[in-house]
Amino acid sequence: MAPAWSEHLPAGLDASSLDLTAGQNLIAVAASHWRREPARPVLQDLDGTWISGEQLAGETSEHARRLGAAGLIPGDRVVLCAGTSAALVGAYLAVLRAGLVAVPVNPSYTRPEVQRLVAAARPAAALVEDDEVGNWITETAGPDLKVWGLGGPVSGAGSRTDHPVDAAGGPDPALLLFTSGTTGTPKGALLSHGNLLSSARAVGLAWRWTEDDRLLLVLPLFHMHGLGVGINGSLVSGGQVVLRPGFDASDVADRCRSGGVSMFFGVPAIYQRLLAAGRAERLSELRLIVSGSAPLAVAQSDALADVCGQRPLERYGMTETVMLTSNPLAGPRKPGRVGLPLPGVELRLAAGGEVQVRGPNVLAGYDSPDGPSRPEDAFTRDGWFRTGDLGELDDDGHLGLVGRSKELIITGGFNVYPREVEEALAEFPGVREAAVVGRPSPDWGEAVTAVVVTDGPVDPADLRNFAAQRLAPYKVPKAVEFVDQLPRNSLGKVLRHEL
Ligand code: AMP
């Protein structure tokens with residue numbers, strides 16, 4: 001029987017002959033596009049400058065050689081901490097080409113957040129745009145760690161000339177991406193070149209993504225949505241990318257009108273803001289708009305369908321697996337559902353409804369000093385990855401996500417784990433205990449909300465300011481509620497569902 005995902009394939013493409021990891025790595029596939037039309041622009045920087053495939057190929061291979069000459073060896077981890085720019089994309093590509101492992105870090109992280117992540121990642125080098133962040137990293141990792149600007153070491157930084165470029169194979173590690181754990185310890189998902197390539201190719205096939213596409217990319221590049229789908233998908237499909245520093249409703253509307261754009265990827269909070277600003281109709285100029293990272297409310301999907309003449313294509317993925325499912329491009333696009341497994345992805349529902357998956361896109365394991373680890377709560381004994389999401393399948397095999405077994409809060413497409421915020425709040429003088437929950441919010445999907453017990457009067461504004469010194473802006477509670485005591489079960493655990 002044909003796999004459930006064969007509906008995603010273009011007519012005439014046989015599921016049994018599909019090799020999602022052909023070419024071994026993203027760069028080899030991207031390079032085939034770059035060679036075919038070297039002068040063709042592929043990446044637009046924030047100032048509007050276009051970079052051709054030939055330029056990108058030349059600069060990133062030179063950069064990769066310099067990383068090797070400076071003493072890095074394949075498998076070494078390299079922190080990338082910077083806002084979106086062509087230089088950041090170039091640094092990411094150079095790291096991959098040198099066989100190193102990219103460790104993207106959110107540039108709005110505070111010192112303790114950066115240091116916790118660096119301690120877990122054990123990098124050999126860091127490419128940063130802000131010297132202060134470089135200092136924080138050195139404080140944690142020691143003086144042996146090399147810190148450079150985004151462009152990396154300058155020519156002649158070392159004497160080794162034999163560093164291999166573009167030699168990484170499918171099973172070699174490519175990306176260490178952190179999903180903060182509920183224990184407060186960051187969990188590093190270790191993804192291979194094969195994981196990244198297979199998922200980018202699966203999405204490319206399902207969405208008929210070609211060299212003729214131009215993606216308007218406003219999503220951050222330290223998260224799987226922007227990096228693993230936006231950048232990697234474009235590399236594999238040979239399409240062009242217009243980089244933007246972040247989301248701005250008027251900027252998106254302007255670029256949809258005059259930028260020759262064909263695709264846009266957003267999280268529900270972005271679509272909500274486009275609708276609220278009366279700018280969503282500009283998306284009707286595009287071939288494809290996609291939503292993911294958090295549930296898109298049916299009412300919002302309907303509103304977009306009305307205003308844009310097309311329903312956003314909703315898809316589902318996660319850091320550990322890149323992309324998992326998508327509504328079919330040619331329909332039916334079912335609001336409130338995340339569609340069918342993407343090419344190569346096997347999906348099952350365990351007793352209790354947990355979504356479990358396997359396929360070439362699924363991480364080898366979480367990072368640990370002894371290599372990838374596959375803890376029992378993350379993988380079943382028979383090798384399926386436990387997503388922690390709860391789902392149900394309709395008669396057509398389309399997946400609906402009904403909730404999360406974990407306590408993750410998703411606010412504006414970003415993940416917030418309550419524990420980390422609770423610990424920051426508990427440091428404030430006068431706060432006895434705090435529980436953090438996500439409350440439904442039309443603007444954010446979920447709004448981070450703190451429920452606190454205090455020993456005396458506490459000004460909520462002071463508490464929020466205090467949190468902002470310790471946490472990235474999206475983790476800071478939008479609201480603070482005061483209670484006399486937190487509801488707890490007999491084991492003393494806070495009953496979040498009662499909050
Ligand atoms: P992340 O690892 O940051 O990409 O977050 C992954 C989680 O986001 C998943 O486990 C889901 O809970 C959630 N998620 C992603 N896409 C969707 C979607 N389309 N609808 C509902 N939840 C989603």
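Bear in mind these aren't lab numbers, they're just calculated from the coordinates by the rules spelled out. From a predicted model like this one, the values you see are computed outputs, not experimental measurements. No Cβ is skipped: glycine too gets one built from the backbone with ideal geometry, and neighbour counts run over all protein chains shown.
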Quick check: residue separation of GLU427 and GLU54 times 0.36 nm, minus the Cα distance between them. What number comes out in nm? 129.0 nm
So for VAL290, VAL252, fewest C-beta neighbours within 10 Å to most, what's the order? VAL290, VAL252
Could you run the Karplus curve 6.51 cos²θ - 1.76 cosθ + 1.60 with θ = phi - 60° over segment 360-373 and give me ³J(HN,Hα) per residue in whole Hz, x for Gly and Pro? x, 8, 7, 3, 5, x, 7, 6, 8, x, 9, x, x, 10
Could you pull out every residue, at least 5 positions away or on a different chain, whose amide H is within less than 5 Å of the one on SER108? Hs are placed 1.01 Å off N in the peptide plane, and Pro or chain starts have none. none
Before rounding to the nearest 500, sum -39500 (n - 2.57) across all DSSP H runs of length at least 4 in the chain and divide by the residue total; then give [θ] at 222 nm in deg cm²/dmol. -8000 deg cm²/dmol
So, in Å, what gap is there between the alpha-carbon centers of segment 243-266 and segment 289-343? 19
Give the long-range amide H neighbours of VAL42: residues separated by 5 or more places, or on another chain, with amide H under 5 Å away, using H modelled in the peptide plane at 1.01 Å from N. ILE51, SER52, GLY53
LYS146's amide H: which non-local residues (gap 5+, or another chain) put their own amide H closer than 5 Å, with H modeled 1.01 Å from N in plane and none for Pro or chain starts? ALA125, ALA126
Could you calculate, for segment 235-345, the ratio of the Cα radius of gyration to the Kirkwood radius, expressed as Rg to Rh? 0.95
Treating only the Cβ of Lys, Arg, Asp and Glu as charged (+1, +1, -1, -1), what charge dipole size does the chain show about its Cα centre? Round to the nearest 20 debye. 420
Would you list GLU498, GLU320, GLU211 from fewest to most Cβ contacts within 10 Å? GLU498, GLU211, GLU320
By count of other Cβ within 10 Å, fewest leading, how are ASP382, ASP172, ASP19, ASP130 ordered? ASP382, ASP19, ASP130, ASP172
Taking a cut-off of 12 Å between Cα atoms, list the aspartates and glutamates near LYS334, but don't count ones fewer than 8 places away on the same chain. ASP302, GLU314, ASP394, ASP396
Which of the listed residues, GLY170, ALA472, LEU286, is farthest toward the dipole's positive end in the chain, when Lys, Arg count +1 and Asp, Glu count -1 at the beta-carbon? GLY170
Here segment 292-307 yields Karplus 3J(HN,Hα) values (6.51, -1.76, 1.60; θ = phi - 60°; whole Hz; Gly and Pro given as x) of x, 5, 7, x, 8, 4, 4, 4, 6, 4, 5, 4, 5, 4, 5, 6
With +1 on the Cβ of every Lys and Arg and -1 on the Cβ of every Asp and Glu, and nothing else charged, how large is the dipole of segment 154-302 about its Cα centre, in debye rounded to the nearest 20? 200
Kirkwood hydrodynamic radius over Cα pairs of the chain, then Stokes diffusion coefficient at 37 °C and 0.692 mPa s, in µm²/s: 140
Entries of LYS406/LYS475; LYS146/LYS187; LYS406/LYS478; LYS146/LYS475 with Cα pairs more than 26 Å apart: LYS146/LYS475
Please work out whether segment 385-462 counts as rounded, prolate or oblate from its C-alpha gyration tensor, where a ≥ b ≥ c are the square roots of the eigenvalues and a/c under 1.5 means rounded, while otherwise a/b larger than b/c means prolate and anything else oblate? prolate
